[in-house]
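Each remark here refers to the structure printed beneath this line.
The values are calculated or read from the model by the stated rules, or taken from the named source; none is laboratory data. What you are looking at is a predicted structure, and each value in this text was computed from that prediction instead of being measured. In this analysis, Cβ positions are derived from the backbone assuming ideal geometry, glycine residues included, and neighbour counts consider all displayed protein chains. Just so you know, the surface numbers come from the protein's heavy atoms only, side chains and all, with ligands and any DNA or RNA stripped out. Shrake-Rupley method; radii C 1.70, N 1.55, O 1.52, S 1.80 Å.
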Amino acid sequence: MAERYDVAIIGAGPGGYAAAIRAAQLGFKTICIDKRNTLGGTCLNVGCIPSKTLLHATGLFSILQREGSLNAIECSQVKMDFPKLMARKREVVKGLVDGVAGLFKKNGVVSLQGEASFIDPHRLRVSSGSQASEIEADSIILATGSEPIALPGLPFNEKNVVSSTGALSFLQAPKRLLVIGGGVIGVELASVYNRLGSSVTIIEMLDRLCPAMEVALTKQLLQILKKQGIQFKLSSKVVNAVVQPEEVILTVESEGQLQNVSGDSVLVAVGRRPYSQGLGLDKIGITVDRRGFVPVDGFFRTQQPHIFAIGDLIDGVMLAHRATEEGVVVIEWLKGERSNVNYLAIPNVIYTDPEVASVGLTEQEAKETGRSLLVGTSFFRGNSRARCTGETEGFVKVIGDRETGRLMGMHIIGTHASELIAEGMLAMQLGATLAEIGQAVQAHPTLSEAIKEAALQALGRPINS
Ligand code: NAI
(Lines give C-alpha, C1' and ligand atoms only; values in the text may rest on other atoms or scores of the structure.)
Protein backbone atom coordinates (compact mmCIF):
# COMPACT_ATOMS: atom_id res chain seq x y z
CA MET A 1 0.00 0.00 0.00
CA ALA A 2 1.36 3.38 -0.98
CA GLU A 3 1.63 5.99 1.72
CA ARG A 4 -0.38 9.09 0.74
CA TYR A 5 0.83 12.72 0.85
CA ASP A 6 -0.49 16.06 -0.36
CA VAL A 7 2.94 17.04 -1.67
CA ALA A 8 5.96 14.88 -2.50
CA ILE A 9 9.21 16.62 -3.33
CA ILE A 10 12.07 14.82 -5.04
CA GLY A 11 15.39 16.41 -4.11
CA ALA A 12 16.40 18.06 -0.82
CA GLY A 13 18.65 20.79 -2.21
CA PRO A 14 17.94 24.51 -1.69
CA GLY A 15 14.94 24.25 -4.05
CA GLY A 16 13.44 21.05 -2.65
CA TYR A 17 14.08 21.61 1.04
CA ALA A 18 12.70 25.15 1.03
CA ALA A 19 9.60 23.95 -0.85
CA ALA A 20 9.14 21.13 1.68
CA ILE A 21 9.36 23.46 4.67
CA ARG A 22 6.96 25.99 3.11
CA ALA A 23 4.53 23.19 2.18
CA ALA A 24 4.46 21.84 5.73
CA GLN A 25 4.05 25.38 7.10
CA LEU A 26 1.00 25.86 4.88
CA GLY A 27 -0.59 22.67 6.20
CA PHE A 28 0.23 20.21 3.41
CA LYS A 29 1.14 16.67 4.41
CA THR A 30 4.66 16.73 2.91
CA ILE A 31 7.42 14.26 2.14
CA CYS A 32 10.86 15.14 0.79
CA ILE A 33 12.87 12.34 -0.84
CA ASP A 34 16.61 12.47 -1.53
CA LYS A 35 19.04 9.73 -2.48
CA ARG A 36 21.90 11.30 -0.48
CA ASN A 37 22.30 10.32 3.16
CA THR A 38 22.36 13.99 4.12
CA LEU A 39 19.96 16.81 3.25
CA GLY A 40 20.90 20.03 1.46
CA GLY A 41 21.72 18.74 -2.04
CA THR A 42 24.72 19.85 -4.08
CA CYS A 43 24.81 23.34 -2.56
CA LEU A 44 25.29 22.29 1.04
CA ASN A 45 27.18 19.03 0.53
CA VAL A 46 29.47 19.52 -2.46
CA GLY A 47 28.89 23.03 -3.81
CA CYS A 48 28.35 26.53 -2.47
CA ILE A 49 28.96 25.80 1.21
CA PRO A 50 32.19 23.77 1.13
CA SER A 51 33.62 25.99 -1.61
CA LYS A 52 32.87 29.21 0.27
CA THR A 53 34.39 27.74 3.42
CA LEU A 54 37.60 26.93 1.54
CA LEU A 55 37.55 30.32 -0.19
CA HIS A 56 37.22 32.14 3.11
CA ALA A 57 40.01 30.23 4.89
CA THR A 58 42.43 30.40 1.97
CA GLY A 59 41.51 34.06 1.47
CA LEU A 60 42.55 34.86 5.03
CA PHE A 61 45.74 32.85 4.54
CA SER A 62 46.63 34.76 1.42
CA ILE A 63 45.78 38.16 2.92
CA LEU A 64 48.07 37.48 5.86
CA GLN A 65 50.83 36.33 3.55
CA ARG A 66 50.46 39.18 1.07
CA GLU A 67 49.17 42.10 3.04
CA GLY A 68 49.98 41.52 6.67
CA SER A 69 52.81 44.00 6.54
CA LEU A 70 50.52 46.61 4.95
CA ASN A 71 48.55 46.55 8.19
CA ALA A 72 51.69 46.50 10.32
CA ILE A 73 51.24 42.82 11.29
CA GLU A 74 54.38 40.68 11.33
CA CYS A 75 53.32 37.29 9.97
CA SER A 76 56.27 35.53 8.42
CA GLN A 77 55.29 32.18 9.98
CA VAL A 78 51.77 31.81 8.52
CA LYS A 79 51.08 28.18 7.54
CA MET A 80 48.04 26.34 6.28
CA ASP A 81 47.25 22.91 7.75
CA PHE A 82 45.49 21.21 4.82
CA PRO A 83 43.88 18.28 6.72
CA LYS A 84 42.54 20.77 9.31
CA LEU A 85 41.21 22.97 6.51
CA MET A 86 39.28 20.00 5.12
CA ALA A 87 38.05 19.08 8.61
CA ARG A 88 36.78 22.64 9.05
CA LYS A 89 34.94 22.33 5.71
CA ARG A 90 33.32 19.05 6.83
CA GLU A 91 32.29 20.61 10.13
CA VAL A 92 30.60 23.57 8.42
CA VAL A 93 28.79 21.26 5.98
CA LYS A 94 27.66 18.96 8.81
CA GLY A 95 26.32 21.85 10.84
CA LEU A 96 24.21 23.06 7.95
CA VAL A 97 22.91 19.69 6.70
CA ASP A 98 21.97 18.76 10.27
CA GLY A 99 20.27 22.15 10.47
CA VAL A 100 18.04 21.24 7.51
CA ALA A 101 17.13 17.95 9.23
CA GLY A 102 16.23 19.99 12.32
CA LEU A 103 14.06 22.33 10.25
CA PHE A 104 12.26 19.36 8.68
CA LYS A 105 11.54 18.00 12.13
CA LYS A 106 10.39 21.35 13.49
CA ASN A 107 8.04 21.93 10.56
CA GLY A 108 6.75 18.37 10.27
CA VAL A 109 8.29 17.42 6.91
CA VAL A 110 8.73 13.67 6.47
CA SER A 111 12.21 12.97 5.13
CA LEU A 112 12.90 9.78 3.17
CA GLN A 113 16.31 8.63 1.98
CA GLY A 114 16.20 6.77 -1.32
CA GLU A 115 16.02 7.06 -5.09
CA ALA A 116 12.57 7.96 -6.42
CA SER A 117 11.13 6.91 -9.76
CA PHE A 118 7.64 7.17 -11.17
CA ILE A 119 5.34 4.14 -11.23
CA ASP A 120 2.52 6.25 -12.65
CA PRO A 121 1.79 10.02 -12.63
CA HIS A 122 0.78 10.01 -8.94
CA ARG A 123 2.88 7.16 -7.53
CA LEU A 124 6.60 6.89 -6.81
CA ARG A 125 8.78 3.94 -5.93
CA VAL A 126 11.54 4.91 -3.52
CA SER A 127 14.46 2.46 -3.33
CA SER A 128 17.28 2.44 -0.85
CA GLY A 129 19.58 -0.58 -1.03
CA SER A 130 17.37 -3.65 -0.95
CA GLN A 131 14.42 -1.72 0.57
CA ALA A 132 11.66 -0.12 -1.48
CA SER A 133 8.53 1.79 -0.57
CA GLU A 134 5.67 3.42 -2.44
CA ILE A 135 4.51 7.00 -2.10
CA GLU A 136 1.37 8.51 -3.57
CA ALA A 137 0.91 12.29 -3.80
CA ASP A 138 -1.56 14.82 -5.17
CA SER A 139 1.24 17.14 -6.25
CA ILE A 140 4.85 16.24 -6.99
CA ILE A 141 7.75 18.68 -7.27
CA LEU A 142 10.88 17.69 -9.17
CA ALA A 143 13.90 19.40 -7.65
CA THR A 144 16.70 17.02 -8.57
CA GLY A 145 19.17 19.73 -9.63
CA SER A 146 22.12 19.26 -11.92
CA GLU A 147 25.38 17.37 -12.36
CA PRO A 148 28.82 18.34 -13.73
CA ILE A 149 29.38 17.88 -17.46
CA ALA A 150 32.35 15.65 -18.37
CA LEU A 151 34.42 16.17 -21.52
CA PRO A 152 34.60 13.38 -24.11
CA GLY A 153 37.71 11.27 -23.53
CA LEU A 154 38.19 12.68 -20.04
CA PRO A 155 35.72 10.94 -17.71
CA PHE A 156 35.77 11.92 -14.04
CA ASN A 157 37.61 9.51 -11.74
CA GLU A 158 37.42 12.07 -8.88
CA LYS A 159 41.10 11.36 -8.12
CA ASN A 160 43.13 13.24 -10.71
CA VAL A 161 40.33 14.03 -13.19
CA VAL A 162 37.89 15.77 -10.93
CA SER A 163 34.63 17.66 -11.03
CA SER A 164 34.03 20.37 -8.44
CA THR A 165 33.06 17.55 -6.04
CA GLY A 166 36.51 15.95 -6.21
CA ALA A 167 38.28 19.32 -6.16
CA LEU A 168 36.61 20.11 -2.83
CA SER A 169 38.01 16.92 -1.30
CA PHE A 170 41.62 16.56 -2.46
CA LEU A 171 43.79 14.79 0.11
CA GLN A 172 46.46 17.43 -0.48
CA ALA A 173 46.77 20.51 -2.64
CA PRO A 174 47.99 19.42 -6.09
CA LYS A 175 51.38 20.83 -7.04
CA ARG A 176 50.15 21.58 -10.57
CA LEU A 177 46.42 21.94 -11.19
CA LEU A 178 44.92 22.28 -14.65
CA VAL A 179 41.42 23.75 -14.80
CA ILE A 180 39.33 23.35 -17.94
CA GLY A 181 36.67 26.09 -18.03
CA GLY A 182 37.07 29.67 -16.82
CA GLY A 183 33.52 29.95 -15.50
CA VAL A 184 32.38 30.42 -11.93
CA ILE A 185 33.59 27.07 -10.60
CA GLY A 186 36.86 27.34 -12.53
CA VAL A 187 37.88 30.74 -11.15
CA GLU A 188 36.70 30.04 -7.59
CA LEU A 189 38.50 26.72 -7.19
CA ALA A 190 41.55 27.97 -9.11
CA SER A 191 41.70 30.75 -6.49
CA VAL A 192 41.56 28.27 -3.60
CA TYR A 193 44.47 26.18 -4.88
CA ASN A 194 46.51 29.12 -6.17
CA ARG A 195 46.39 30.55 -2.63
CA LEU A 196 47.54 27.18 -1.26
CA GLY A 197 50.62 27.27 -3.48
CA SER A 198 49.52 25.09 -6.41
CA SER A 199 50.64 26.16 -9.87
CA VAL A 200 47.25 26.68 -11.55
CA THR A 201 46.48 27.02 -15.26
CA ILE A 202 42.97 27.77 -16.52
CA ILE A 203 42.16 26.68 -20.07
CA GLU A 204 39.11 28.51 -21.40
CA MET A 205 37.50 28.08 -24.81
CA LEU A 206 36.35 31.70 -25.12
CA ASP A 207 38.51 34.85 -25.09
CA ARG A 208 37.17 35.90 -21.68
CA LEU A 209 36.18 34.52 -18.28
CA CYS A 210 32.65 33.97 -16.92
CA PRO A 211 30.87 34.78 -20.18
CA ALA A 212 27.49 35.47 -18.59
CA MET A 213 28.82 38.35 -16.46
CA GLU A 214 29.26 42.04 -17.37
CA VAL A 215 32.33 42.21 -19.58
CA ALA A 216 33.90 45.18 -17.72
CA LEU A 217 33.99 43.07 -14.53
CA THR A 218 35.40 39.94 -16.08
CA LYS A 219 38.13 41.89 -17.90
CA GLN A 220 39.33 43.31 -14.61
CA LEU A 221 38.92 39.95 -12.87
CA LEU A 222 41.25 38.37 -15.46
CA GLN A 223 43.93 41.02 -14.83
CA ILE A 224 43.66 40.60 -11.06
CA LEU A 225 43.77 36.78 -11.13
CA LYS A 226 46.82 36.94 -13.42
CA LYS A 227 48.50 39.24 -10.92
CA GLN A 228 47.71 36.71 -8.19
CA GLY A 229 49.67 34.11 -10.17
CA ILE A 230 46.99 32.08 -11.97
CA GLN A 231 48.02 31.28 -15.54
CA PHE A 232 45.54 31.43 -18.41
CA LYS A 233 45.12 29.91 -21.82
CA LEU A 234 42.16 31.73 -23.33
CA SER A 235 40.59 30.96 -26.73
CA SER A 236 41.98 27.47 -26.16
CA LYS A 237 40.52 24.04 -26.66
CA VAL A 238 41.57 20.72 -25.18
CA VAL A 239 41.88 18.34 -28.11
CA ASN A 240 43.47 15.34 -26.40
CA ALA A 241 44.06 14.04 -22.90
CA VAL A 242 46.36 11.37 -21.52
CA VAL A 243 45.58 10.37 -17.94
CA GLN A 244 48.25 8.51 -15.99
CA PRO A 245 48.15 7.82 -12.25
CA GLU A 246 50.82 10.47 -11.56
CA GLU A 247 50.16 12.95 -14.34
CA VAL A 248 47.55 14.30 -16.72
CA ILE A 249 48.77 15.61 -20.08
CA LEU A 250 46.40 17.78 -22.09
CA THR A 251 46.95 18.78 -25.70
CA VAL A 252 45.63 22.29 -26.06
CA GLU A 253 44.91 24.08 -29.32
CA SER A 254 45.34 27.88 -29.21
CA GLU A 255 45.25 30.00 -32.36
CA GLY A 256 45.88 26.96 -34.52
CA GLN A 257 48.94 25.86 -32.48
CA LEU A 258 49.06 22.62 -30.50
CA GLN A 259 50.78 22.54 -27.13
CA ASN A 260 51.00 19.98 -24.33
CA VAL A 261 50.35 21.10 -20.75
CA SER A 262 50.62 18.77 -17.80
CA GLY A 263 49.50 18.71 -14.22
CA ASP A 264 49.03 16.36 -11.27
CA SER A 265 45.26 16.83 -11.53
CA VAL A 266 42.72 18.36 -13.84
CA LEU A 267 39.48 19.99 -12.75
CA VAL A 268 36.84 19.91 -15.48
CA ALA A 269 34.45 22.83 -14.90
CA VAL A 270 32.74 23.33 -18.26
CA GLY A 271 29.22 23.68 -16.92
CA ARG A 272 26.50 21.54 -15.38
CA ARG A 273 23.53 19.79 -16.89
CA PRO A 274 20.08 19.07 -15.46
CA TYR A 275 19.82 15.79 -13.58
CA SER A 276 16.69 13.77 -14.26
CA GLN A 277 18.26 10.37 -14.71
CA GLY A 278 16.37 7.43 -13.24
CA LEU A 279 13.16 9.37 -12.52
CA GLY A 280 11.30 7.46 -15.26
CA LEU A 281 9.83 10.67 -16.69
CA ASP A 282 9.28 9.03 -20.08
CA LYS A 283 6.93 6.54 -18.39
CA ILE A 284 4.56 9.33 -17.41
CA GLY A 285 4.70 11.35 -20.63
CA ILE A 286 7.24 14.00 -19.59
CA THR A 287 9.89 14.58 -22.25
CA VAL A 288 13.04 16.57 -21.57
CA ASP A 289 14.43 19.03 -24.15
CA ARG A 290 17.62 18.38 -26.12
CA ARG A 291 19.80 19.81 -23.29
CA GLY A 292 18.01 17.67 -20.70
CA PHE A 293 15.91 20.47 -19.15
CA VAL A 294 12.36 19.61 -18.11
CA PRO A 295 10.02 21.96 -20.01
CA VAL A 296 7.59 23.89 -17.77
CA ASP A 297 4.91 26.55 -18.29
CA GLY A 298 4.76 29.91 -16.50
CA PHE A 299 3.52 28.12 -13.37
CA PHE A 300 6.39 25.57 -13.31
CA ARG A 301 3.95 22.86 -14.47
CA THR A 302 5.38 20.03 -16.56
CA GLN A 303 3.40 18.18 -19.22
CA GLN A 304 1.60 16.63 -16.23
CA PRO A 305 -0.12 19.60 -14.58
CA HIS A 306 0.18 18.21 -11.02
CA ILE A 307 3.94 17.64 -11.46
CA PHE A 308 6.13 20.74 -11.16
CA ALA A 309 9.84 21.24 -11.85
CA ILE A 310 12.11 23.92 -10.36
CA GLY A 311 15.75 24.99 -10.05
CA ASP A 312 18.61 23.63 -12.15
CA LEU A 313 16.27 21.06 -13.70
CA ILE A 314 14.56 23.79 -15.74
CA ASP A 315 16.09 26.31 -18.13
CA GLY A 316 17.71 29.41 -16.57
CA VAL A 317 20.66 30.46 -14.44
CA MET A 318 21.77 27.61 -12.18
CA LEU A 319 21.73 29.32 -8.79
CA ALA A 320 20.69 27.95 -5.41
CA HIS A 321 18.74 31.08 -4.45
CA ARG A 322 16.74 30.99 -7.67
CA ALA A 323 15.73 27.36 -6.95
CA THR A 324 14.71 28.29 -3.39
CA GLU A 325 12.40 31.05 -4.58
CA GLU A 326 10.84 28.85 -7.25
CA GLY A 327 10.18 26.08 -4.73
CA VAL A 328 8.47 28.45 -2.30
CA VAL A 329 6.42 30.10 -5.05
CA VAL A 330 5.09 26.76 -6.38
CA ILE A 331 3.91 25.77 -2.91
CA GLU A 332 2.28 29.15 -2.31
CA TRP A 333 0.45 28.84 -5.63
CA LEU A 334 -0.77 25.38 -4.60
CA LYS A 335 -2.27 27.05 -1.53
CA GLY A 336 -3.90 29.71 -3.74
CA GLU A 337 -1.58 32.50 -2.60
CA ARG A 338 -0.26 35.19 -4.94
CA SER A 339 3.48 34.94 -5.18
CA ASN A 340 6.15 35.32 -7.82
CA VAL A 341 9.87 35.20 -8.59
CA ASN A 342 11.37 38.46 -9.84
CA TYR A 343 13.92 37.15 -12.32
CA LEU A 344 15.27 40.65 -12.96
CA ALA A 345 16.39 40.99 -9.38
CA ILE A 346 18.39 37.76 -8.88
CA PRO A 347 21.96 38.53 -7.85
CA ASN A 348 24.85 36.52 -9.23
CA VAL A 349 28.12 36.34 -7.29
CA ILE A 350 31.62 34.99 -7.91
CA TYR A 351 33.54 34.56 -4.65
CA THR A 352 37.02 35.34 -5.90
CA ASP A 353 39.21 37.99 -4.29
CA PRO A 354 38.01 40.57 -5.00
CA GLU A 355 34.45 39.34 -5.35
CA VAL A 356 32.35 39.91 -8.44
CA ALA A 357 28.60 40.49 -8.20
CA SER A 358 25.84 41.50 -10.58
CA VAL A 359 22.12 42.03 -10.66
CA GLY A 360 19.89 42.94 -13.59
CA LEU A 361 21.02 43.56 -17.15
CA THR A 362 24.59 43.87 -18.38
CA GLU A 363 25.35 47.00 -20.41
CA GLN A 364 25.18 44.94 -23.60
CA GLU A 365 21.81 43.44 -22.65
CA ALA A 366 20.52 46.89 -21.68
CA LYS A 367 21.62 48.28 -25.09
CA GLU A 368 19.78 45.44 -26.80
CA THR A 369 16.49 46.61 -25.23
CA GLY A 370 16.77 49.70 -27.45
CA ARG A 371 16.37 52.04 -24.46
CA SER A 372 18.55 55.09 -24.07
CA LEU A 373 20.91 54.47 -21.14
CA LEU A 374 22.62 56.26 -18.28
CA VAL A 375 25.83 54.54 -17.19
CA GLY A 376 27.95 55.48 -14.18
CA THR A 377 31.08 53.99 -12.63
CA SER A 378 32.72 54.64 -9.29
CA PHE A 379 36.15 53.19 -8.52
CA PHE A 380 37.01 51.89 -5.05
CA ARG A 381 40.39 53.65 -5.21
CA GLY A 382 38.39 56.85 -4.64
CA ASN A 383 36.45 55.37 -1.71
CA SER A 384 37.75 56.26 1.74
CA ARG A 385 36.81 52.97 3.45
CA ALA A 386 38.62 51.01 0.73
CA ARG A 387 41.63 53.26 1.25
CA CYS A 388 41.59 52.49 5.01
CA THR A 389 41.58 48.73 4.43
CA GLY A 390 43.88 48.81 1.42
CA GLU A 391 41.28 46.99 -0.71
CA THR A 392 41.09 49.53 -3.53
CA GLU A 393 40.75 47.22 -6.52
CA GLY A 394 37.53 47.32 -8.50
CA PHE A 395 34.50 49.48 -9.09
CA VAL A 396 30.71 49.76 -9.06
CA LYS A 397 28.95 50.21 -12.38
CA VAL A 398 25.28 51.14 -12.65
CA ILE A 399 23.10 51.13 -15.73
CA GLY A 400 19.84 53.07 -15.77
CA ASP A 401 17.06 53.89 -18.19
CA ARG A 402 17.50 57.54 -19.26
CA GLU A 403 13.77 58.07 -19.73
CA THR A 404 12.40 56.57 -16.49
CA GLY A 405 15.60 56.95 -14.47
CA ARG A 406 15.16 53.39 -13.20
CA LEU A 407 18.07 51.12 -12.37
CA MET A 408 18.43 48.36 -15.00
CA GLY A 409 21.57 46.69 -13.70
CA MET A 410 24.32 46.97 -11.11
CA HIS A 411 27.74 45.32 -11.41
CA ILE A 412 30.44 45.31 -8.77
CA ILE A 413 33.98 43.99 -8.61
CA GLY A 414 35.59 44.65 -5.27
CA THR A 415 35.87 43.55 -1.69
CA HIS A 416 32.51 42.47 -0.15
CA ALA A 417 30.78 42.77 -3.55
CA SER A 418 28.64 39.76 -2.54
CA GLU A 419 27.10 41.82 0.27
CA LEU A 420 27.10 45.20 -1.51
CA ILE A 421 25.03 43.78 -4.38
CA ALA A 422 22.10 43.45 -1.95
CA GLU A 423 21.56 47.20 -2.39
CA GLY A 424 21.28 46.75 -6.15
CA MET A 425 18.98 43.76 -5.70
CA LEU A 426 16.62 45.74 -3.43
CA ALA A 427 16.74 48.74 -5.75
CA MET A 428 15.78 46.49 -8.69
CA GLN A 429 13.07 44.78 -6.62
CA LEU A 430 11.55 48.12 -5.63
CA GLY A 431 11.98 49.75 -9.05
CA ALA A 432 14.26 52.46 -7.64
CA THR A 433 15.66 55.23 -9.83
CA LEU A 434 19.29 56.34 -10.05
CA ALA A 435 18.21 59.63 -8.47
CA GLU A 436 16.78 57.77 -5.46
CA ILE A 437 19.97 55.72 -5.11
CA GLY A 438 21.98 58.95 -5.41
CA GLN A 439 19.87 60.65 -2.73
CA ALA A 440 20.00 57.81 -0.19
CA VAL A 441 22.33 58.67 2.71
CA GLN A 442 25.13 56.15 3.14
CA ALA A 443 27.20 55.86 6.28
CA HIS A 444 30.72 57.26 6.01
CA PRO A 445 33.20 55.75 5.55
CA THR A 446 31.68 52.67 3.88
CA LEU A 447 32.09 50.80 0.62
CA SER A 448 28.37 51.42 -0.02
CA GLU A 449 29.21 55.05 -0.75
CA ALA A 450 30.62 53.81 -4.06
CA ILE A 451 27.09 52.73 -5.06
CA LYS A 452 25.71 56.20 -4.37
CA GLU A 453 28.66 57.74 -6.19
CA ALA A 454 28.16 55.50 -9.27
CA ALA A 455 24.51 56.58 -9.43
CA LEU A 456 25.50 60.26 -9.13
CA GLN A 457 28.16 59.74 -11.77
CA ALA A 458 25.53 58.30 -14.15
CA LEU A 459 23.42 61.41 -13.50
CA GLY A 460 26.40 63.64 -14.30
CA ARG A 461 26.92 65.03 -10.79
CA PRO A 462 29.58 62.99 -8.98
CA ILE A 463 31.07 64.41 -5.78
CA ASN A 464 34.13 62.25 -5.26
CA SER A 465 35.23 61.41 -8.79
P1 NAI B 1 29.98 28.01 -16.22
O2 NAI B 1 28.89 27.90 -17.23
O3 NAI B 1 30.00 29.12 -15.24
O4 NAI B 1 31.39 28.08 -16.98
C5 NAI B 1 31.84 27.09 -17.85
C6 NAI B 1 33.00 27.68 -18.64
O7 NAI B 1 33.62 26.62 -19.35
C8 NAI B 1 32.57 28.72 -19.65
O9 NAI B 1 33.39 29.85 -19.53
C10 NAI B 1 32.77 28.00 -21.00
O11 NAI B 1 33.10 28.88 -22.03
C12 NAI B 1 33.90 27.05 -20.66
N13 NAI B 1 33.98 25.85 -21.49
C14 NAI B 1 32.96 25.07 -21.90
N15 NAI B 1 33.44 24.01 -22.62
C16 NAI B 1 34.78 24.13 -22.62
C17 NAI B 1 35.86 23.35 -23.16
N18 NAI B 1 35.62 22.22 -23.83
N19 NAI B 1 37.13 23.78 -22.97
C20 NAI B 1 37.38 24.92 -22.28
N21 NAI B 1 36.41 25.70 -21.74
C22 NAI B 1 35.13 25.30 -21.90
O23 NAI B 1 30.00 26.57 -15.51
P24 NAI B 1 30.69 26.09 -14.17
O25 NAI B 1 31.79 27.00 -13.76
O26 NAI B 1 30.99 24.66 -14.40
O27 NAI B 1 29.51 26.24 -13.11
C28 NAI B 1 28.31 25.48 -13.28
C29 NAI B 1 27.14 26.18 -12.70
O30 NAI B 1 27.25 26.26 -11.30
C31 NAI B 1 26.99 27.58 -13.22
O32 NAI B 1 25.71 27.73 -13.78
C33 NAI B 1 27.15 28.47 -12.04
O34 NAI B 1 26.25 29.57 -12.06
C35 NAI B 1 26.90 27.56 -10.85
N36 NAI B 1 27.78 27.97 -9.77
C37 NAI B 1 27.54 29.12 -9.13
C38 NAI B 1 28.39 29.57 -8.16
C39 NAI B 1 28.13 30.86 -7.50
O40 NAI B 1 27.01 31.36 -7.57
N41 NAI B 1 29.11 31.49 -6.86
C42 NAI B 1 29.59 28.81 -7.77
C43 NAI B 1 29.77 27.64 -8.56
C44 NAI B 1 28.89 27.24 -9.50
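Quick notes on this one:
- Cα gyration tensor category, rounded, prolate or oblate, for segment 28-130 with a/c compared to 1.5: prolate
- Within segment 193-229, backbone nitrogen closer than 17 Å to the virtual label 7 Å beyond the Cα of Glu91 toward Cβ: none
- Accessible area per residue for segment 259-314, computed on protein heavy atoms with a 1.4 Å probe, is 45 Å².
- Heavy-atom accessible area per residue - segment 345-459, 1.4 Å, Å²: 42 Å²
- The modelled label-to-label distance between Asp289 and Gln172, using points 7 Å beyond Cα along the C-beta direction, is 4.7 nm.
- When each of the peptides 147-153, 317-323 is scored by the mean number of other C-beta atoms lying within 10 Å of its residues, the order from highest to lowest reads 317-323, 147-153.
- Comparing Cα centroids, segment 141-189 and segment 322-349 end up 29 angstrom apart.
- For segment 161-270, alpha-carbon Rg over 2.2 N^0.38 Å: 1.00
- Ellipsoid semi-axes for the chain, based on the Cα gyration tensor and the rule √(5λ), read 37, 30, 22 Å when sorted largest first.
- Under the simplified labelling scheme, the Ser465-Asp282 pair shows an inter-label distance of 5.5 nm, with each label point 7 Å from Cα along Cα→Cβ.
- Portion, in percent, of the accessible area of segment 306-465 that falls on carbon or sulfur, probe 1.4 Å: 50 percent
- Gyration tensor verdict on segment 226-354 (Cα atoms; rounded if a/c is under 1.5, prolate if a/b is larger than b/c, oblate otherwise): prolate
- Using heavy atoms of the protein chains and a probe of 1.4 Å, the accessible area assigned to Lys52 is about 60 Å².
- Overall form of segment 400-465 per C-alpha gyration tensor (a/c, 1.5; a/b vs b/c): oblate
- Here segment 345-459 is treated as an ellipsoid with the same Cα gyration tensor; its semi-axes, largest first and in whole Å, are 22, 15, 12.
- Rounded to the nearest 10 Å², the accessible area of Phe299 at probe 1.4 Å: 100 Å²
- Expressed as a fraction of 2.2 N^0.38 Å, the C-alpha radius of gyration for segment 375-430 is 1.20.
- For segment 345-459, the relative contact order works out to 32 percent when only alpha carbon pairs closer than 8 Å and six or more residues apart are counted.
- Span-like helix check, the chain: qualifying full DSSP H segments, with Cα axial length of 20 Å or more and mean Kyte-Doolittle of -1.0 or more, are 48-67, 82-107, 320-334.
- Diffusion coefficient of segment 311-378 by Stokes-Einstein, Kirkwood radius over Cα pairs, 4 °C, 1.567 mPa s: 89 µm²/s.
- Computed in the context of the full set of protein chains, the accessible area of segment 161-270 at 1.4 Å probe radius has 51% of its extent on carbon or sulfur.
- Beta bridges per DSSP with both ends in the chain, % antiparallel, nearest 5: 60 percent
- Calculated FRET efficiency for the pair Ser128/Ser262, C-beta based, R₀ 45 Å, to 0.05: 0.60
- Over 21 Å (Cα to Cα) - which of Lys52/Lys106; Lys35/Lys84; Lys226/Lys452; Lys52/Lys94; Lys159/Lys227 fall in this group: Lys52/Lys106; Lys35/Lys84; Lys226/Lys452; Lys159/Lys227
- Measuring only protein heavy atoms, the 1.4 Å probe finds Asp138 accessible over about 80 Å².
- Peptides ranked, highest mean first, by Cβ atoms within 10 Å: ranges 155-165, 121-131: 155-165, 121-131
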